[in-house]
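The structure appears below as structure tokens.
The values are calculated or read from the model by the stated rules, or taken from the named source; none is laboratory data. Remember, predicted model here, so these are calculated numbers, not experimental data. Using ideal geometry, Cβ is built from the backbone for each residue, glycine included, and neighbour counts are taken over all protein chains shown. Protein only, heavy atoms only, side chains kept; ligands, DNA and RNA dropped before computing areas. Shrake-Rupley method; radii C 1.70, N 1.55, O 1.52, S 1.80 Å.
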Amino acid sequence: MKEISIAEIEGFRIGHAQDRGAATGCTVVICERGAVTGVDVRGGSPGTRDTDALNPVNNRQEVHAVLLAGGSSFGLDAAGGVMRYLEERGIGRDVQVTKVPNVCGAILFDLKCGGHKVRPDARMGYLACEHA
């Protein structure tokens, strides 16, 4: 059986941006047409963005990107860059005045691994999208 990479699945693009010196970065999985998703958040100190919107009782039917970032809670800022990238390309839920991308994210604590003052931010999130 041939192994397949997620990067080979039609409709998905994956990009990454990092700061090697600071040992941090972010990865984005983009699905421009939207994808049905789910989440199970666990742990004593989870750091997430918009994962509550994935609850089946809510009105969000799909997600346009998932962001995974370092930087502890500071890394959630990278989602702003993903949002901007997708909005500029007309990707998201049509709310008549613009399209609002559904972007969910999660972070991990890596502040003690490298340079704790360098964290994934909106610029890095946007760059990860450009690399997708």
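Of note:
- Tally of residues being part of a strand (DSSP E or B) and open to solvent by 60 Å² or more (accessible area, probe 1.4 Å) across the stretch 15-40: 4
- Total residues in the stretch 88-123 satisfying the condition of being over 24 Å from E62 (Cα atoms) and either of a type in the set (G, A, S) or not in a loop (DSSP other than H, G, I, E, B) (or both): the figure is 3.
- Residue pairs meeting the criteria (Cβ under 9 Å; at least 6 apart or on separate chains; first of a type in the set (S, T, Y), in the stretch 103-132; second open to solvent by less than 20 Å² (accessible area, probe 1.4 Å) and not in a loop (DSSP other than H, G, I, E, B)): Y126/A17; Y126/A78; Y126/G81; Y126/V82; Y126/Y85
- Residues located in the stretch 19-53, provided they are touching a Ser or Thr at 6+ places or on another chain (Cβ under 7 Å) and modelled with pLDDT of 90 or more: G47
- Whichever residue in the stretch 42-55 is free of Cβ contacts under 8 Å to residues at least 12 places away in the same chain and either under 16 Å from N102 (Cβ atoms) or within 14 Å of the chain's Cα centre (by Cα) (or both) and, among such residues, is surrounded by the fewest Cβ atoms within 10 Å (Cβ to Cβ): N55
Each row is one residue, and each column tells you yes or no for (1) under 26 Å from G44 (Cα atoms); (2) surrounded by 16 or more Cβ atoms within 10 Å (Cβ to Cβ); (3) of a type in the set (G, A, S).
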residue	(1), (2), (3)
L86	no, yes, no
R89	no, no, no
G92	no, yes, yes
T98	no, no, no
V103	yes, yes, no
I107	yes, yes, no
C113	yes, no, no
K117	yes, no, no
M124	no, yes, no
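- Looking across L76, L67, one residue alone is outside any loop (DSSP other than H, G, I, E, B) and open to solvent by 20 Å² or more (accessible area, probe 1.4 Å). It is L76.
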